[in-house]
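Structure, as structure tokens:
The values are calculated or read from the model by the stated rules, or taken from the named source; none is laboratory data. Worth saying up front: this structure is predicted, and the values here are computed from it rather than measured. All Cβ positions, even for glycine, are placed from backbone atoms using ideal geometry, and neighbour counts span all protein chains on display. The area values use the complete protein model at the heavy-atom level, side chains included, leaving out ligands, DNA and RNA. Shrake-Rupley method; radii C 1.70, N 1.55, O 1.52, S 1.80 Å.
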Amino acid sequence: MRTAVIRKEHFNAAHRLHNSSWSDEKNHQVFGKCNNPNFHGHNYELYVKLIGEPDRETGYVYDMKKLSDLIREEIIQKFDHKNFNRDVPEFQELNPTAENIAMVIWQKLRARIDLKYDLKITLYETERNIVEYPGA
Ligand code: NI
């Protein structure tokens, strides 16, 4: 009886999408407003989904307070009100697209969550632009 539980969290962060091996013109053409040299922010909505068997004694798939604390510690404290390009070590060499942010979130949480759970990350960069990372 595998069941999914989902915790929703939120953070604000700034980024700039840029490929340093391209010309300024090509960067602008490909990344548009997200290439702004002075950065810009997004209000990210994060959905962390765990899939597993409800525990016989508690009836919980996962303690949501523990999940909330884990996301706060691993993700929110490190990303909220930060500049991805400048403040977050994982994005020194990695373009902070929603795809890559979702993948980094998955990696950080995967390291802390028992492998008996499947882990999926959904990240809203805007209300209309959404990325899902199902894990590898
Ligand atoms: Ni952007």
Worksheet item: What's the number of the condition residue 106 fails, among (1) part of a loop (DSSP other than H, G, I, E, B); (2) closer than 30 Å to residue 3 by Cα; (3) open to solvent by less than 40 Å² (accessible area, probe 1.4 Å)?
Response: (1)
Worksheet item: Does the range 1-42 hold any residues that are surrounded by 11 or more Cβ atoms within 10 Å (Cβ to Cβ), assigned to a helix (DSSP H, G or I) and either in contact with a helix residue (DSSP H, G or I) (Cβ under 6 Å, 6 or more places away or on another chain) or at pLDDT 95 or above (or both), and which are they?
Response: 26, 27, 28, 29, 30, 31, 35
Fill in: Members of the range 1-42 that are of a type outside the set (A, V, I, L, M, F, W, C), within 14 Å of the chain's Cα centre (by Cα) and away from the ligand (no atom under 11 Å from the Cβ)
7, 8, 9, 10, 12
Worksheet item: If you check 75, 51, 71, which single one turns out to be of a type in the set (Val, Ile, Thr) and over 30 Å from residue 14 (Cβ atoms)?
Response: 51
Item to complete: Output the number of residues of the range 79-109 satisfying the condition of being among the polar types (S, T, N, Q) and under 19 Å from residue 48 (Cα atoms).
Response: 3
Item to complete: Taking the residues in the range 106-136 that are closer than 14 Å to residue 42 by Cβ and hydrophobic (A, V, I, L, M, F, W, C) as candidates, determine which candidate is nearest to the chain's Cα centre (by Cα).
Response: 123
Discussion item. Criterion first (acidic (Asp, Glu) and surrounded by fewer than 16 Cβ atoms within 10 Å (Cβ to Cβ)) does residue 73 satisfy it?
Written reply: yes
Worksheet item: Within the range 43-83, can you find the residues that are assigned to a loop (DSSP other than H, G, I, E, B) and more than 16 Å from residue 115 (Cα to Cα)?
Response: 56, 57, 58, 59, 60, 80, 81
Discussion item. Please determine whether any residue of the range 78-96 is more than 16 Å from the ligand (Cβ to nearest atom) and open to solvent by less than 30 Å² (accessible area, probe 1.4 Å).
Written reply: no
